[in-house]
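Throughout, read-outs are computed from the coordinates displayed, never taken from laboratory work. Here the structure is a predicted model, which means the values were calculated and not measured.
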């Protein structure tokens with residue numbers, strides 16, 4: 001769903017099943033943005049991939065967007081601390097993703113943690 005939507009509006013998309021493959025492809029293709037899920041198959045998390053990208057001189061310039069189904073504010077804050085530029089909760093509509101990517105590429109300032117996390121506990 002995401003790949004087709006991104007390609008439809010003109011983005012070139014390179015996908016990867018795991019963090020290691022994603023990192024290797026990021027080094028090779030030098031994308032402007034890497035989008036990753038928090039939970040990846042058999043290895044590092046998407047947040048750990050963002051950390052690796054931000055701490056490698058070959059990829060430190062790449063913007064990162066992490067999607068997660070984990071609605072725990074600590075997960076989002078931890079991902080930001082590891083180097084993810086923004087974190088978004090799933091379900092994440094393709095139009096919203098495209099809007100966030102376009103804003104990131106323009107250099108717009110985005111709330112790194114989604115507003116859904118900004119809640120006041122009910123007593």
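In percent, how large is the relative contact order of region 1-56, given Cα pairs closer than 8 Å and 6 or more residues apart? Mind showing how you got there, number by number?
Working: 37 pairs, mean separation 16.9, N = 56.
Computed over region 1-56, the figure is 30 percent.
What label, among [x] 2, 10, 19, 19, 17, 13, 9, 6, 4, 1, 0; [y] 2, 11, 22, 24, 23, 11, 4, 2, 1, 0, 0; [z] 2, 11, 19, 20, 16, 9, 6, 5, 3, 3, 2, 2, 1, 0, belongs to P(r) over Cα pairs in 5 Å bins from 0, in percent computed from the structure on display?
Looking at P(r) over Cα pairs in 5 Å bins from 0, in percent for this model, the match is [y].
So what is the relative contact order for the chain, in percent, with contacts set as C-alpha pairs under 8 Å and at least six apart?
21 percent
Using helices alone, what [θ] at 222 nm do you get for the chain, with -39,500 (n - 2.57) per DSSP H run of 4 or more residues, divided over all residues and rounded to the nearest 500?
-12000 deg cm²/dmol
Kindly express, to the nearest 10 degrees and within the range 0 to 90, the angle between helix 73-82's C-alpha long axis and the longest C-alpha principal axis of the chain.
In the chain, helix 73-82 runs at an angle near 30 degrees to the longest axis.
Starting from 0 in steps of 10 Å, tell me what percent of the Cα-Cα pairs of region 48-105 lands in each bin.
24, 50, 26, 1
Compute the long axis of helix 19-29 from its Cα atoms, compare it with the longest principal axis of the Cα atoms of the chain, and write down the angle in degrees, 0 to 90, nearest 10.
Between the helix axis and the principal axis of the chain, the angle is about 50 degrees.
Angle, helix 94-106 long axis vs. longest principal axis of the chain, Cα atoms, 0 to 90°, nearest 10?
Rounded to the nearest ten degrees, it is 70.
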